[in-house]
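Q: Dropping the structure in here first, questions after.
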Amino acid sequence: MPDWNDEVRKRLASLRLQPTQEAEIVEEFAQHLDDVYERSLAKGASESEARLMALNELADTNLLPNELKRVHKPFHEAPVPGGAGRSNLLTDFFQDLRYAGRMQLKNPAFTIVAVIALALGIGANTAIFSVVNSVLLRPLPYKDPDRLVMVWEDASKFGYPRDTPATANFVDWRDQNTVFEGMAAISDESFNLTGTGDPERLEGRLVSANLFPLLGVEPQIGRTFTAAEDQPGSNKVVLLSHALWQRRFGGDNSIAGKPINLNGESYSVVGVMPARFQFPTSDDQVWVPIAFTSKDIANRNRHYLQVLARLKPGVTLEQAQTDMHTVAARLQQQYPDSNTDLGAAVTSLHEHLVGDIKPALLILLGAVGLVLLIACANVANLLLARAAVRQKEIAVRVALGARRQRLIRQFLTESILLSTIGGVVGLVVAYGGLLLLRAFIPESISQTAQISMDLKVLGFTLLVSLVTGLIFGLAPAVQAARFNQTETLKEGGRDSATGSSGKRIRGLLVMSEVAVSLVLLIGAGLLINSFLRLRNVDPGFRSDNLLTMRVVLPIPKYAEFERRSAFYTELVQRVQNLAGVKSAAVTTNLPLYRQGNSIGVSIEGQPPLPPGQENVVVTRIISPGYFDTMSIPLLSGRQFTDQDIRTSPRVVVISETMARRYWPGQDAIGKRIGAGDIERPEDWIQVVGVVKDVHQFDLTAEPRPQMYLPYRQWGFFESRDLVVKTEVDPASLAATVRRTVWEIDKDQPVSNIRTMDEILGESIARQRFSMLLLAIFAGVALILAAVGIYGVMSYSVAQRTHEIGIRMALGAQTGAVLKLAVSYGLKLVVGGIVIGLIAAFALTRVMSTLLFGVTATDPTTFTLISLLLIAVAAIASYIPARRATKVNPIIALRYE
Amino acid sequence: MLDRELKKGSAELLILSLVEDQPRHGYDIGTLIERRSGGTLRFNVASLYPLLYRLEKRGWIQGRWVEKAGQRRRRYYRLTAEGKKVLAAQRNSWREFVEAISRITGIEHA
């Protein structure tokens, strides 16, 4: 039978039809011509006569194109190339999209596997980006936040490069600088709210009146403070946070001007801040004018302020820093007693709020990026395998005149469709992930920023999805476009992508998956290692069965020292008598709350140090039962007793580090230190005991010299933490202990009710957060890499079924065949591990600030993780290899 | 062979009638027209298929590739619901037209 296709196509050429459409028409016409030809033969015509009669059907050379043109007019207006010629991107795109959609529906298993891998990768990226976006990228909710800075005292000489300034220095800075529009002072303060409902302790700030204009925020109700209210005696006014206003005052719209009771005094509410306002953190509920007294303004020794400033327009951070250097240098000259070696440091407000968490977040973002890369490699491998199966389809397309460009575009459309579906599912994954993240996100992050998804996150996901699709789609697309058409057609559909190039690409992908997983696993391993070491740090006390709560006495009501100490004596007494309580004590600051309270001391027998450069000692003022309650071991000497009172000789218990530092090689007991005014004999206190070191700030820092003073000898303290050693579950006693406080004073708020275990947990929450997340990502990476190795090995074994069959038929042992198959897999894995180790050496250095007790190139971690990966890879390649040995040689040979 | 214009005017009616009872492929349709008209009406590929495509485009008939065991796939055309209405209407007007011609020319029905 003659081939009519060319004849038909020739006559359609002028129409420039879409290739698929043209192919259909050609097919339909050719059949018709076949029928005519056969009928003619049947009627007795010769072959050439029959051929002519058939071709006669195509006569009327003009008729056909003209008639068809009328029918296919719309296509003619948007012509699409068959083999050559112009192209129409949009039409092609929709055509490809429809086709891609059909392809996905036809292979649900493939689609599901690919989408899961992508959704995990994109979802993890979206979730972490949401956090990064909320914490690092979203501008602070103030006017022109870029111009807001914090100004610190630079006391680097004493180990505090960013110290809180003293009032007098703040005042001089404010008056002498030339770079700031304004400067405001802020100080921590907590208030006991009474009068409506249960007494409550509120975190708040004392602030300069100009703070709010400086931030550029307006209150929702009422007004902010006037300069007149920022004066001693006139500052009994308060601004409420939106949350407090809703919770305690029922959202009363006429609250402005009404009095509320704080610390036993009446304050007039001047306004309510908007819901989205927080300064500095969401913990802060009330703001009160700071109202410096003339004594405050002269004080250069009490360093407790935080200072916010707004740069003048056009002034850079560096210029501000230079100007503040000048001011600080002038003050050094002017006040050598207090300001020697004291500089000034300017940091952006943003840096101040989120600077600590930034490295961890960026590392996590990098880690999820790597997870996504692995997911890409996996999907690329899947696509490559499928492309091999689709060779015939491609051959037909090329035969019909499809150009390489066009094929690549079609393949990319398919992969981008896949990645977009992955992205949509990934958004769901990310949303769920964020809900989970919220559960163990450190408070220090959640107080600073609201973690949420916004348009920027959606845009990020879209971008990531598209780029992902491009990355994993490119390899199969290029591969598909490069194949040899005639070979494929000749081979009758047998897979020719097993050729060396296909195998090489797949091998490379597996190697990179292994390398990237290794980097992630090592990173996670280092963090886990650090975290375990952190958990094993002896905090210096026993945290189990300890209940803690904060009971801060309002100063006006408890102005006299005797009243305060009487309250605490009674409290400890009553709590100790409760059922289930072993002992109880009070302290100024619990360990690990990250709070300071250090004072400078002089050591007897050593020359006095210049002012401002004394030996700085962490100081805690405690009740006698504290060491027993906290199980802090006494190393020598004695503890405090009920006899250590104001009228008895002043005594101190010091830590072992302090004893070692100031009296090396001597017995510290009986030695004296000067705390306060060394001219006054009563300010010299005698060491009566030495206790073990306690990690007062955090577990990562080396313990500094510490001392403990008895609470009935010292009148200065601001906050009092109650700590109770229980015989039962400490949390179960919380309500009872709180009731005991209210039995003594019904208006006394109780706050921060926590077990010591919780405090310990919170102190390492940030490390746990990074460790857990990186471990999860590394786990996902390991699974993805294992799946990738398994897939490639299965494929390679399946391709070699024939060869394996022959080997086995010729008498090869199972073991030999296994070795053959596994060794290929292991070769890839070892290659990947070598690359991964090199990369890990280079990359883990960026996370050295997150590590504790291990170096960034810890050899144990590197070795163990490599072995783990080899083991997993061995299993992933053993399973398909094992299957290969089960091949029946007969079937394998017939498989052709 | 009939005059081209006349043929064209009636051709749609012919095709619609032929696919009314059962779907048919192009060659089938062409052969049936030729046979039933006793050879008077004849469409070749160049004239038949553009017509089919045009009818399909108007939504009166619908073509579909059908594979039958042991045969190559072929494109079968069937009458759509809309095609049915058109066919009924065209039949009517054709009958009126023929009757009008008959009355004038005196040609009687067979």
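A short reminder: the numbers here are calculations on the coordinates, not readings from a lab. No experiment lies behind these values; they were computed from the predicted model shown. Cβ placement follows ideal geometry from the backbone for every residue including glycine, while neighbour counts extend to all protein chains displayed.
Q: Which is the longest part of chain A that has none of the chymotrypsin sites (Phe, Trp or Tyr not before Pro) sitting in a DSSP loop with at most 13 other Cβ atoms within 10 Å?
A: By the stated rule (loop sites, at most 13 other Cβ atoms within 10 Å), A:1-715.
Q: Additional query: With a point put 7 Å past each Cα toward its Cβ, work out how far residue B:78 is from residue A:1 in nm, to one decimal.
A: Inter-label distance under the simple model: 2.5 nm.
Q: Still on this structure, please answer the following. To test your reading of the geometry: what angle, between 0 and 90 degrees and rounded to tens, separates the Cα axis of helix A:455-482 from the longest principal axis of chain A?
A: Taking Cα atoms only, the helix is inclined about 30 degrees.
Q: Using a basic spin-label model with each label point 7 Å from the Cα along Cα→Cβ, how many nm lie between residue A:446 and residue A:536?
A: 3.1 nm
Q: Still on this structure, please answer the following. Once Lys and Arg get +1 and Asp and Glu get -1 on their Cβ, which of A:171, A:455, A:381 lies farthest toward the positive end of the dipole of chain A?
A: The residue sitting farthest along the positive end of the dipole is A:381.
Q: Assigning unit charges at the beta carbon (Lys, Arg +1; Asp, Glu -1) and nothing else, what dipole magnitude in debye, to the nearest 20, does the stretch A:288-364 show about its Cα centre?
A: Numbers: 7 positive and 7 negative charges, 46 e Å.
Dipole size: approximately 220 debye.
Q: How large is Rg/Rh for the stretch A:797-896, to two decimals, with Cα atoms and a Kirkwood Rh? Each step should come with its number before you reach the end.
A: Details: Rg = 19.5 Å, Rh = 15.9 Å.
Taking Rh as the inverse mean 1/r over Cα pairs, Rg/Rh reads 1.23.
Q: With unit charges on the beta carbon (Lys/Arg positive, Asp/Glu negative), name the residue among A:556, B:10, A:192 whose Cα is farthest towards the positive pole of the charge dipole of the protein assembly as shown.
A: B:10
Q: Still on this structure, I have one more. Could you give the C-alpha radius of gyration of the stretch A:553-748 expressed as a fraction of 2.2 N^0.38 Å, taking N as the number of residues it contains?
A: The value comes to 1.06.
Q: Calculate, in whole percent, how much of the Cα-Cα pair population of the protein assembly as shown lies beyond 54 Å.
A: Result: 44 percent of Cα pairs exceed 54 Å.
Q: Something else now. If contacts are Cα pairs under 8 angstrom and at least 6 residues apart, what is the relative contact order of chain A in percent?
A: 14 percent
Q: What does the convex hull of the Cα atoms come to per residue for the stretch A:145-354, in Å³?
A: Residue-normalised Cα hull volume stands at 124 Å³.
Q: Which GluC sites (Glu not before Pro) in the stretch B:27-110 pass both tests, a DSSP loop state and at most 14 other beta-carbon atoms within 10 Å? Mind showing how you got there, number by number?
A: Working: sites: B:34, B:56, B:67, B:82, B:96, B:99, B:108; in loops: B:67, B:108.
Sites meeting the loop and neighbour criteria: B:67, B:108.
Q: Could you size up the charge dipole of the protein assembly as shown around its Cα centre, putting +1 on the beta carbon of Lys and Arg and -1 on that of Asp and Glu, and report it in debye to the nearest 20?
A: Values: 112 positive and 98 negative charges, 847 e Å.
Once rounded to the nearest 20, the dipole reads 4060 debye.
Q: Per residue of the stretch A:526-532, what does 6.51 cos²θ - 1.76 cosθ + 1.60 with θ = phi - 60° give for ³J(HN,Hα)? Whole Hz please, x for Gly and Pro, Karplus curve as stated.
A: 4, 5, 4, 4, 4, 5, 4
Q: Moving to a separate point now. What is the P(r) of the stretch A:161-239, as percent of Cα-Cα pairs per 5 Å bin from 0?
A: Going from the shortest bin to the longest, the percentages are 3, 12, 18, 23, 21, 13, 7, 3, 1, 0.
Q: Still on this structure, I have one more. Quick one: dipole size for the stretch A:746-896, taken about the Cα centre, charges +1 on Lys/Arg Cβ and -1 on Asp/Glu Cβ, in debye to the nearest 20.
A: On the way: 13 positive and 7 negative charges, 122 e Å.
Taking the Cα centre of the stretch A:746-896 as origin, the dipole is about 580 debye.
Q: While we're on this one: Less than 14 Å Cβ to Cβ from residue A:451, Lys/Arg counted +1 and Asp/Glu -1: what total charge do the surrounding residues give?
A: After counting each charged neighbour, the total is +1.
Q: Once the Cα atoms of chain B are picked out, what are the Rg and Dmax in Å?
A: Considering chain B through its Cα atoms, Rg and Dmax are 15.2, 54 Å.
Q: What does the stretch A:336-393 give for Rg and for Dmax, in Å, if only its C-alpha atoms count?
A: So, for the stretch A:336-393, Rg and Dmax equal 25.8, 89 Å respectively.
Q: Let me ask something else about it. For a 24 Å ceiling on Cα separation, which of these pairs sit above it: A:358/A:456; A:258/A:557; A:258/A:295; A:503/A:827? Numbers along the way, then the final one.
A: Working: A:358/A:456 19 Å; A:258/A:557 22 Å; A:258/A:295 31 Å; A:503/A:827 14 Å.
Pairs exceeding the cut-off: A:258/A:295.
Q: Another one. Sort B:15, A:408, A:357, A:622 so the one with the fewest other Cβ atoms within 10 Å of its own Cβ comes first.
A: Neighbour counts put them in this order, fewest first: A:408, A:357, A:622, B:15.
Q: For helix A:47-56, report the angle its Cα long axis makes with the longest principal axis of the Cα atoms of chain A; keep it between 0 and 90° and round to the nearest 10°.
A: 60 degrees
Q: Something else: Could you tell me the distance between the Cα centroids of the stretch A:765-794 and the stretch A:357-374, to the nearest Å?
A: The stretch A:765-794 and the stretch A:357-374 have Cα centres separated by 13 Å.
Q: Angle, helix A:167-176 long axis vs. longest principal axis of chain A, Cα atoms, 0 to 90°, nearest 10?
A: Roughly 60 degrees, rounded to the nearest 10.
Q: Suppose a student asked you for the relative contact order of chain B, using Cα pairs under 8 Å spaced at least 6 residues apart; what percent would you report? Please list the in-between numbers first.
A: Working: 101 pairs, mean separation 28.9, N = 110.
Rounded, it is 26 percent for chain B.
Q: With each pseudo-label sitting 7 Å past Cα toward Cβ, what's the residue A:275-residue A:839 distance in nm, one decimal?
A: 4.5 nm
Q: Counting other beta carbons within 10 Å of each residue's own, what order do A:96, A:230, A:538 fall into, fewest first?
A: A:538, A:96, A:230
Q: Remind me, relative contact order of the stretch A:553-748 in percent, using alpha carbon pairs under 8 angstrom and six or more residues apart? Before the final figure, lay out the partial values.
A: Numbers: 348 pairs, mean separation 61.5, N = 196.
Relative contact order, the stretch A:553-748: 31 percent.
Q: Calculate how large, on average over all directions, the projected area of the Cα convex hull of the stretch A:678-765 is; give the answer in nm² to one decimal.
A: With every direction weighted equally, the projected area is 8.9 nm².
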